[in-house]
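The values are calculated or read from the model by the stated rules, or taken from the named source; none is laboratory data. Not measured: the values here are computed from a predicted model. Quick reminder, even Gly has a Cβ in these numbers, built from the backbone with ideal geometry, and neighbours come from all protein chains shown.
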Amino acid sequence: MDRPSAGPPATPLDDVDEPLFPRRRSHNEANFDITAMIDLVFMLNIFFLVTTVVTAQGEMDLPVVRHCIPTDPEESALITLVSQNPNSVTVYLGDGPQGEGLTEREEQLQAVRRSVEEGSRAGKKIILLKAERSVKLRDVKRIAAAATRDITGMELRMAVIEKE
């Protein structure tokens with residue numbers, strides 16, 4: 001009996017080792033992980049955004065006033081702000097740094113409110129806030145907010161004290 005063959009019949013092309021299409025050589029591609037660089041760029045963006053906003057709010061060069069309305073001190077509740085150092089302001093109730101100044105923040109706000117209420121009862125229509133040029137805008141805003149809080153019928157005016 002004939003035995004079956006173990007595979008398909010042999011052909012003359014089976015002896016050739018070269019494929020129809022030559023194989024491409026494998027080469028290593030350059031890969032690198034840029035996740036850390038992207039994180040760094042985002043952190044720098046956030047840093048510059050925050051510092052730009054803080055710097056812009058910290059200092060502001062206001063233009064020199066060319067036209068102004070004179071204010072009669074007799075018809076005004078006067079508040080004077082004087083800068084003792086870059087981090088604190090002294091508040092005087094009245095025209096100029098006369099008498100004892102207020103340095104504690106909460107005490108300043110309460111005294112300013114009382115002074116404006118007394119001025120309102122006395123018939124004064126204007127709150128005149130005078131500040132030295134070196135007083136920070138945040139302090140002027142804080143005192144102005146305290147002066148105008150719960151007060152109707154009074155106008156807030158501001159002035160800059162120029163030192164010679």
Output the qualifying pairs, or none if there are none: Cβ atoms under 8 angstrom, residues six or more apart or on different chains, first residue in segment 139-164 and more than 13 Å from residue 81 (Cβ to Cβ), second residue β-branched (Val, Ile, Thr) and assigned to a helix (DSSP H, G or I). 148/116; 151/116; 154/116; 154/148; 156/148
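Restricting attention to segment 118-161, which residues are in a helix (DSSP H, G or I) and basic (Lys, Arg)?
Residues satisfying the conditions are 121, 138, 141, 142.
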Would you mention how many residues in segment 61-117 are part of a helix (DSSP H, G or I), of a type in the set (Asp, Glu) and either modelled with pLDDT of 85 or more or within 15 Å of residue 159 (Cα to Cα) (or both)? 3
Restricting segment 103-118 to residues that are in contact with a strand residue (DSSP E or B) (Cβ under 8 Å, 6 or more places away or on another chain) and under 19 Å from residue 142 (Cα atoms), which is surrounded by the fewest Cβ atoms within 10 Å (Cβ to Cβ)? 103
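Being aliphatic (A, V, I, L, M), at pLDDT below 85 and more than 22 Å from residue 162 (Cβ to Cβ) is the requirement here; does residue 151 meet it?
Values: aliphatic (A, V, I, L, M): yes; at pLDDT below 85: yes; more than 22 Å from residue 162 (Cβ to Cβ): yes.
Criteria met by residue 151.
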